[in-house]
Amino acid sequence: MTDARRQAPAAARNRDPILAVLREVLPPAGLVLEIASGTGEHAVHFARALPDLQWQPSDPDEEALASIAAWREAEGTPNLLAPLRLDAAEESWPVESAEAVICINMIHISPWASTLGLMAGAGRLLPAGAPLVLYGPYRRRDHAIEPGNAAFDEDLRQRNPDWGLRLLEDVVQAAAAQGLDLERVTAMPANNLCVVFRKR
């Protein structure tokens, strides 16, 4: 591709398993805020598959924002909104309310402050009963870490000591502190998890 569109091979592999969960937990209509939209491939796919929802992609990275905008121009549907610059760790977000928040593959490749900011922001934006949906690899206290995830965790920490697979229990605790209660954990391909919270 000669435009700004970027591609993440994992996005094509995981988008349909994630979509299957989204169909079960998202509201029938309203605004879905996607945090750390990355290339924008998920946003395009989900917006097309869920036409009754308004899809708001966001990212703090300028190249990612350009990629999302290029995907939207090339493939987008009317319910896919222009991307917003949004850093989850910041106290102020450019969105005041949403019927759902989703975040795919951010928590392990960002500082812990971004996870805390994600929970605080979702706690502010979401009405009672609304979902926060996370996807990615995690460590769990009662599960032996898979060899592939162990190697990935080590690689992440070598690249940046603030990165790495988080303990799911720590993420659940951070969510609970912002009024977000764990609803379900779904095993996904390639040793990932889809984790759904609901606003109290």
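For the reader, a short list of remarks on this structure follows.
- Note on the chain: helix-only mean residue ellipticity at 222 nm, from DSSP H runs of 4+ residues weighted -39500 (n - 2.57) and normalised by residue number, equals -12000 deg cm²/dmol.
- For residue 138, the residues whose amide H sits under 5 Å from its own are 193, ignoring neighbours fewer than 5 places away on the same chain, with H placed 1.01 Å from N.
- Cα pair distances of the chain binned at 5 Å [whole percent]: 1, 8, 16, 21, 22, 18, 10, 4, 1, 0
- For the stretch 11-43 versus the stretch 130-156, the spacing of their alpha-carbon centroids is 19 Å.
- Sequence of 50, 26, 134 once ranked by neighbouring C-beta atoms within 10 Å, starting from the fewest: 50, 26, 134
- Placed amide H near residue 183: partners under 5 Å, 5+ positions off or other chain: 196, 197, 198
- Residues 37, 92, ranked from the fewest to the most other C-beta atoms within 10 Å, line up as 92, 37.
- Going from the fewest other Cβ atoms within 10 Å to the most, the residues 152, 197, 46 appear in the order 152, 46, 197.
- Within the stretch 76-120, the GluC sites (Glu not before Pro) that combine a DSSP coil assignment with at most 11 other C-beta atoms in a 10 angstrom radius are 91, 96.
- A simple rule links phi to the HN-Hα coupling: the Karplus curve 6.51 cos²θ - 1.76 cosθ + 1.60 with θ = phi - 60°, which for the stretch 12-23 gives 5, 7, 9, 5, 6, x, 5, 4, 4, 5, 4, 4 Hz, with x for Gly and Pro.
- Rounded to whole numbers, the Karplus 3J(HN,Hα) couplings from phi for the stretch 129-139 are x, 7, x, 10, 10, 10, 9, x, x, 9, 9 Hz, using 6.51 cos²θ - 1.76 cosθ + 1.60 with θ = phi - 60°, and x at Gly and Pro.
- Sequence-separation-based contact order of the chain, relative, with Cα cut under 8 Å and 6+ spacing, percent: 19 percent
- Dipole magnitude (debye, nearest 20) for the chain, charges at Cβ of Lys, Arg, Asp, Glu: 420 debye
- For the stretch 190-200, Karplus couplings with θ = phi - 60° (6.51, -1.76, 1.60), whole Hz, Gly/Pro x: 6, 6, 9, 10, 10, 10, 10, 10, 10, 5, 4
- The residues packed around residue 88, meaning those with a beta-carbon under 15 Å from its beta-carbon, carry a net charge of -4 if Lys and Arg are +1 and Asp and Glu are -1.
- Taking a Cβ cut-off of under 14 Å around residue 113, the surrounding Lys, Arg, Asp and Glu residues balance to a net charge of -4, with basic ones at +1 and acidic ones at -1.
Only the coordinates and a few stated rules stand behind these numbers; no lab work does. This structure is a prediction, so every number in the text was calculated from the model and none was measured. Methodologically, a virtual Cβ is constructed for each residue, glycine included, from the backbone with ideal geometry; neighbour enumeration extends over all protein chains shown.
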